[in-house]
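Just so you know, all these numbers are worked out from the coordinates, no wet-lab data involved. Predicted, not measured: the structure shown is a model, and the values here were computed from it. Note that we place each Cβ from the backbone using ideal geometry, even for glycine, and neighbour counts take in every protein chain shown.
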Amino acid sequence: MKTEPTTGTLHLVGVGPGDPELLTLKAARIISSAQVVAFPQTESGTTMALDIARGHVAPSAVLEPISIPMTIRMPNGEFTSKEEHYLAAAAIIEGHLLAGRDVVYLCEGDPLFYGTSIYVGTGLWDRFPVKVVPGITSMNAAAAAIPFPLVARFESLTVLTGPSPDEILLPSIDDAGSVVILKVGRHYDRLRALLEKTGRAEWAWLVENVGGERQRIVRVRDAEPGPKPYFSLLLCYSGAEFWLE
């Protein structure tokens, strides 16, 4: 009788925003038993996801740093797609899966919330067993760190990203209840101007490196201008919530 070849399972594991103590029990268990641990690594060598989970990685585990450039610039100065880098990462993981080894891919925050695992997993989802372990997102951790409710009762929550163009951001900020803007970084001054234009700056917080050693929380009205760390977000409230009245 011919038996089907056994492949490994790909586990997409969220490790939370920065504090190792926010790692879930399930994530810790899956990581500690992993044969192969893959993780994103920036061009500067930063391995944030691995740093968060390092205490749970078995000494015998094979470590696979996955190069994920923050930006890719062509020789002519234009930015190009990251697709080839994601495909190369998927090929590394595929090799282990075909050999029957389980692979854990670590992802900051939650794997399916703007996570690199979404793109690295492209082409693998329908060919190999894939399991997802959710993680605490930066916006949840930021609300807890302030601390201030994210949403309540009949409120809505809108999630935006800093690099988005003004024509998308402005109406979304103006019409929404609570607003979270991720990936603030070098876009801070432009985003603050939009908040001021829509009257949202008064009830907005800037949270940098939430859960990490360099965590910083400041009201937007008190924040200095200029670029912010990449892992920064804005949490904005309408000022009309029932607990503010």
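See the values below:
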quantity	calculated
In Hz, Karplus ³J(HN,Hα) per residue of segment 24-37 (6.51, -1.76, 1.60; θ = phi - 60°; x = Gly, Pro)	6, 4, 5, 4, 4, 5, 5, 5, 5, 9, 6, 7, 10, 10
15 Å reach of a label modelled at A144, 7 Å along Cα-to-Cβ, counting backbone N of segment 100-116	109-110
Per-selection Kirkwood Rh - segment 139-244 (Cα, Å, 1 d.p.)	13.6
Segments 218-231, 34-47 sorted - mean Cβ within 10 Å per residue, highest first	34-47, 218-231
Antiparallel bridges, percent of DSSP beta bridges restricted to the chain (to nearest 5)	40
Amide H partners (placed H, <5 Å) of V133, local residues excluded	L12, V13, G14
Ranked Y86, Y119, Y188, Y105, criterion: other C-beta atoms within 10 Å, fewest first	Y119, Y86, Y188, Y105
Amide hydrogen neighbours beyond the local backbone of T158, cut-off 5 Å, H modeled	G177, S178, V179, V180
Extension gain, F154 back to A58 (0.36 nm per residue minus Cα-Cα distance, nm)	30.0 nm
Cα-based radius of gyration of segment 10-136 once divided by 2.2 N^0.38 Å, which approximates compact folds	1.02
Evaluated at q = 0.10, 0.11 Å⁻¹: base-10 log I(q)/I(0), Debye formula over Cα of the chain	-0.54, -0.65
Pairs of lysine residues in the chain - Cα separation under 29 Å, sequence separation of 8 or more or cross-chain	10
Residue order, fewest to most surrounding Cβ atoms within 10 angstrom, among H187, H85, H11	H85, H187, H11
Förster-model FRET efficiency, 30 Å R0, E213 and E83, C-beta, rounded to 0.05	0.35
